[in-house]
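The values are calculated or read from the model by the stated rules, or taken from the named source; none is laboratory data. What you see is a predicted model; the values in this text were computed from it and never measured. FYI the Cβ positions are ideal-geometry reconstructions off the backbone, even for glycines, and counts take in every protein chain you see.
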Amino acid sequence: MARYLVFDLDGAIARARLDDDLAPVTCQTLWERMLPFEGQGLPARHSGTEAGFHFDPTIVVPVENATVHLIKGDVVFIHYPHRMRHGSPEPISEVIWCYGRYNMAIAPGKQEAVLGNVFATLLPGSEAFYAMSERLFAEGPRPLKVTGEVG
């Protein structure tokens, strides 16, 4: 049975289908250890039309289905080890989603691409979620809930 992430970004809802075939370890690890999530949806500052959230930095998975060339609808896991990001000496685990055309995960302060595990795809009907995601850049973080759904 298919598994989905359900994103609620300040009332804008989107569903993303997990890609258990191409990123099985990422999907299973995040399903078991990240969900449910409640916190802040954050804008990407260096990476283009992306938004995301940070969570437990001890959650690390191997590289699988990884790319630097992200497209609209991709949902991606990235882990930054200790002292990898400029201005953030602590490790960071994050999930990002691409809401527009121009995307490439960039390590802050390094201006170099970062590999991310593409593990899910946002489904059609996510337009309101994309619009709210775009507003994060100008308006700042918004409340975010992420839950899992099977069906």
Restricting the search to the range 84-101, which residues are assigned to a loop (DSSP other than H, G, I, E, B) and free of Cβ contacts under 8 Å to residues at least 24 places away in the same chain? Met84, Gly87, Pro89
Selection count where residues are loosely packed, with under 15 Cβ neighbours inside 10 Å, free of Cβ contacts under 8 Å to residues at least 12 places away in the same chain and farther than 22 Å from Ala66 by Cβ, scope the range 102-137: 2
Check whether at least one residue in the range 43-60 is of a type in the set (Gly, Ala, Ser) and closer than 21 Å to Asp19 by Cα, and report yes or no. yes
I want to confirm something. Restricting to the range 64-83 and keeping residues that are free of Cβ contacts under 8 Å to residues at least 40 places away in the same chain and buried (at least 18 other Cβ atoms within 10 Å of the Cβ), which single residue is nearest to Arg15 (Cα to Cα)? Ile78
Name the residues in the range 105-151 that are modelled with pLDDT under 90 and assigned to a strand (DSSP E or B), would you? Ile106, Ala113
Inspect the range 32-39 for any residue being of a type outside the set (Val, Ile, Thr), part of a helix (DSSP H, G or I), over 12 Å from the mean Cα position of the chain (by Cα) and surrounded by 13 or more Cβ atoms within 10 Å (Cβ to Cβ) and give the result as yes or no. yes
